[in-house]
């Protein structure tokens, strides 16, 4: 379990799948909780931010402690000697999933995930695709065998969400749990 005083940053990647708000809300939650973040926005992720939100890429970068270009494979987070909590890809496109599952580190997003995996740090992939064909399922199984947490953004209806924001916050809260980050952003199940 990660200690409360831990100041290692969480790497947040926003890839081109639908659901850029998941990465944005993760950055907001970390900022509010005092957890430093290192952000990577893929080229397709920048386009998705513009299409799906009222935020600019610059607005999203301002939520992070540090931001890196996806082409910068010499960034701090590309090395295992740079200490982090791990990484969340929110959302995770099938293209990014494929690169991570194949250890094909041709950009910083995939390299940072590969580094976290080799350091035995949590890597959470919020895969956003439906319906899924056997190739997608095989990639998810492969990534899981490498040590990734596969966390599709599936709403928890027991929390009785009234808005999309409620569903996003709950999903992000569950992701924070996987990193041992203390928060009170979700209504926890207390039994029937």
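None of the figures in this text is laboratory data; all of them are computed from the coordinates on show. Not measured: the values here are computed from a predicted model. Here the Cβ positions follow ideal geometry from the backbone for every residue, glycine too, while neighbour counts run over all protein chains shown.
Here the relative contact order of segment 5-98, from alpha carbon pairs under 8 Å that lie six or more residues apart, stands at 44 percent. By the count of other C-beta atoms within 10 Å, a proxy for reagent exposure, 138, 166 are ordered fewest to most as 138, 166. If you take the Cα centroid of segment 150-192 and the Cα centroid of segment 26-82, the two points sit 22 Å apart. Considering the chain as a Gaussian network with a 10 Å cut-off on Cα pairs, which listed residue, 94, 150, 164, attains the greatest mean-square fluctuation? Among 94, 150, 164, the largest GNM mean-square fluctuation belongs to 164.
Report, in deg cm²/dmol and to the nearest 500, the calculated mean residue ellipticity at 222 nm for the chain, where each DSSP H run with n ≥ 4 adds -39500 (n - 2.57) and the sum is divided by the residue count. Kindly include the intermediate steps, with their values, before the conclusion.
Numbers: 7 runs with 78 residues, N = 192.
One gets -12500 deg cm²/dmol as the mean residue ellipticity at 222 nm.
At q = 0.14 Å⁻¹ the log10 of I(q)/I(0) for the chain amounts to -0.73, computed by Debye summation with a single uniform scatterer per C-alpha, solvent ignored. What share of Cα pairs, in percent, lie more than 19 angstrom apart in segment 1-51? When all Cα pairs of segment 1-51 are counted, 31 percent exceed 19 Å.
Highest first, please rank the peptides 167-176, 10-19, 58-67 by the mean number of other Cβ atoms sitting within 10 Å of their residues. Write out the running numbers ahead of the final one.
Details: 167-176: 21.0, 10-19: 26.2, 58-67: 16.1.
Per-residue mean Cβ counts within 10 Å order the peptides as 10-19, 167-176, 58-67.
Relative contact order for the chain: 22 percent, from Cα pairs under 8 Å spaced at least 6 residues apart, divided by residue count.
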